[in-house]
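The values are calculated or read from the model by the stated rules, or taken from the named source; none is laboratory data. From a predicted model like this one, the values you see are computed outputs, not experimental measurements. Methodologically, a virtual Cβ is constructed for each residue, glycine included, from the backbone with ideal geometry; neighbour enumeration extends over all protein chains shown. The area values use the complete protein model at the heavy-atom level, side chains included, leaving out ligands, DNA and RNA. Shrake-Rupley method; radii C 1.70, N 1.55, O 1.52, S 1.80 Å.
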Amino acid sequence: MTGKKTTRGGGRKRLFRRGTVPGAPPGTMEIDPEASFPKITLVEYDGETLIERTVKNVHELETLAERPTVTWVNVDGLGDLKTLNHLAGLFHIHSLVLEDVVHAHQRAKVEEYGDNLFIVVQMLSRENGVLNREQLSLFLGQGFLVTFQERPGDCLEPVRDRIRRGKGRIREAGADYLAYALLDAVIDAYFPLLEWFDEELEDAQNAILDNPTHDIVSHIHTMKNDLLFVRRAVWPLREAINALLREGNPVVSKETRVYLRDCYDHTIQIIDMAETHRDIVSSLMDFYLSSVSNRMNEIMKVLTVIATIFIPLTFIVGVYGMNFNTKISPFNMPELNWRWGYPAVWGIMVLMVVALLGFFRKKGWLGGN
């Protein structure tokens with residue numbers, strides 16, 4: 001899988017390009033050459049004990065002692081196929097699952113593999129104004145959970161902190177509750193992102209009112225694409241959570257399904273907020289065009305007023321610019337010989353300007369009543 005990553009304003013996000021050739025056998029995997037080497041962390045816990053450590057060699061997982069209530073193996077980085085295959089063998093992960101893990105472009109989904117569940121969600125984050133996507137893959141079984149991430153850094157630290165502090169019921173529950181907690185953390189991370197969109201939309205609206213420019217159009221277009229990106233991530237996530245609620249897989253307990261309802265409600269809220277933001281973005285474009293049109297109308301109105309004022313003045317000056325000879329006929333502009341002719345013309349033109357401005361203002365063409 002290869003792709004490009006660019007910044008806000010003139011760029012595109014990372015694009016998916018499948019590495020395997022068309023018609024390749026199922027389970028064929030092509031590692032992204034830019035992917036980082038896997039970093040594996042192991043967390044084992046129950047109500048009384050907690051073991052958290054970094055696994056330097058995947059072979060260490062072969063000697064796991066009798067597992068406590070929950071074993072959580074987290075893999076950051078998908079750059080070594082040998083390590084991933086070894087993990088797949090230890091936890092009986094199907095080759096099709098591993099293919100979806102490596103080709104990290106999947107829609108959010110839930111799939112059953114025997115008594116185990118494979119769950120895919122998209123983690124969204126914002127860095128320097130750029131919206132980034134990362135796939136989180138979860139393989140849930142009885143007493144264990146294996147998670148795969150494309151790169152280090154995630155929104156799951158609050159869950160790790162709860163495990164370390166023994167806060168809440170997470171240390172007393174099973175691996176299915178841990179999977180719920182991770183899903184809940186991913187979903188909750190969408191809300192600050194949408195709050196940021198709120199601020200951006202408000203700033204864009206104020207900017208359009210103050211000074212609509214082409215940069216604002218570019219920013220609005222980028223936000224529209226980003227919100228479409230959010231929508232594409234959340235819509236299938238809602239269906240995936242709903243599948244966990246309605247399907248009777250034994251790996252997810254009845255108690256955990258109660259908590260998953262809260263996740264489902266949150267996804268609906270996020271979808272509603274994203275749709276509202278998209279409507280606002282569309283209206284902002286209309287607002288921008290209307291604002292530009294209004295500003296153009298104001299400019300044209302000012303220029304029209306100026307031109308209208310100068311039309312009679314130009315007429316007067318044009319008439320007095322004709323070189324008639326008053327010695328031949330007294331009707332050939334006798335005003336040319338007046339002592340106060342020049343000041344009189346200026347006075348007439350000034351009075352005409354004042355009269356026109358008063359007339360325009362009375363009509364409301366200058367913004368008055």
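Structure data summary
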| read-out | value |
| --- | --- |
| Number of the exception - LYS56 against (1) at pLDDT 85 or above; (2) over 22 Å from GLY166 (Cα atoms); (3) buried (at least 16 other Cβ atoms within 10 Å of the Cβ) | (3) |
| Cβ pairs under 8 Å, 6+ apart, first in the stretch 314-341 and touching a residue at least 40 places away in the same chain (Cβ under 8 Å), second open to solvent by 50 Å² or more (accessible area, probe 1.4 Å) | none |
| Among the candidates THR308, THR276, THR256, residue that is more than 30 Å from TYR180 (Cβ to Cβ) and either surrounded by 13 or more Cβ atoms within 10 Å (Cβ to Cβ) or not acidic (Asp, Glu) (or both) | THR308 |
| Candidate set from the stretch 90-108 (those that are among the small types (Gly, Ala, Ser) and either crowded, with 20+ Cβ neighbours inside 10 Å or at pLDDT 90 or above (or both)); member that is farthest from the chain's Cα centre (by Cα) | ALA104 |
| Any hit, the stretch 279-299, residues being surrounded by 17 or more Cβ atoms within 10 Å (Cβ to Cβ), touching a strand residue (DSSP E or B) at 6+ places or on another chain (Cβ under 8 Å) and not polar (S, T, N, Q) | no |
| Which listed residue, of ASP262, ASP226, ASP215, is assigned to a helix (DSSP H, G or I), surrounded by fewer than 16 Cβ atoms within 10 Å (Cβ to Cβ) and touching a residue at least 40 places away in the same chain (Cβ under 8 Å) | ASP262 |
| Where a residue in the stretch 177-206 is farther than 17 Å from PRO236 by Cα and its partner, wherever it lies, is aromatic (Phe, Trp, Tyr) and open to solvent by less than 10 Å² (accessible area, probe 1.4 Å), with Cβ under 7 Å and at least six apart | LEU178/TRP72 |
| Qualifying position, being open to solvent by 10 Å² or more (accessible area, probe 1.4 Å), touching a Lys or Arg at 6+ places or on another chain (Cβ under 8 Å) and among the acidic types (Asp, Glu), among ASP154, ASP161, ASP203, ASP176 | ASP161 |
| So GLU111, is it open to solvent by 50 Å² or more (accessible area, probe 1.4 Å), at pLDDT 90 or above and within 24 Å of ASN242 (Cα to Cα) | yes |
| Among (1) touching a helix residue (DSSP H, G or I) at 6+ places or on another chain (Cβ under 8 Å); (2) free of Cβ contacts under 8 Å to residues at least 12 places away in the same chain - the single one GLY89 does not satisfy | (1) |
| Complete set of residues in the stretch 125-173 that are of a type in the set (A, V, I, L, M), in contact with a strand residue (DSSP E or B) (Cβ under 6 Å, 6 or more places away or on another chain) and over 21 Å from ASP46 (Cβ atoms) | LEU136 |
| Qualifying residue in the stretch 300-323 (condition: within 30 Å of THR222 (Cα to Cα) and among the aromatic types (Phe, Trp, Tyr)) | no |
| Strands (runs of 3 or more DSSP E) wholly inside the stretch 83-202 containing at least 1 residues that are in contact with an Asp or Glu (Cβ under 6 Å, 6 or more places away or on another chain) | 116-127, 130-141, 144-149 |
| Failed item in (1) modelled with pLDDT under 80; (2) under 20 Å from VAL159 (Cα atoms); (3) open to solvent by less than 30 Å² (accessible area, probe 1.4 Å), with THR20 passing the rest | (2) |
| Any chance ASP226 is within 30 Å of ASP286 (Cα to Cα), among the acidic types (Asp, Glu) and in contact with a strand residue (DSSP E or B) (Cβ under 6 Å, 6 or more places away or on another chain) | yes |
| Residue in the stretch 219-231 that is aliphatic (A, V, I, L, M) and over 29 Å from SER293 (Cα atoms) present | yes |
| Members of the stretch 114-129 that are open to solvent by 20 Å² or more (accessible area, probe 1.4 Å) and within 27 Å of the chain's Cα centre (by Cα) | SER125, ARG126, GLU127, ASN128 |
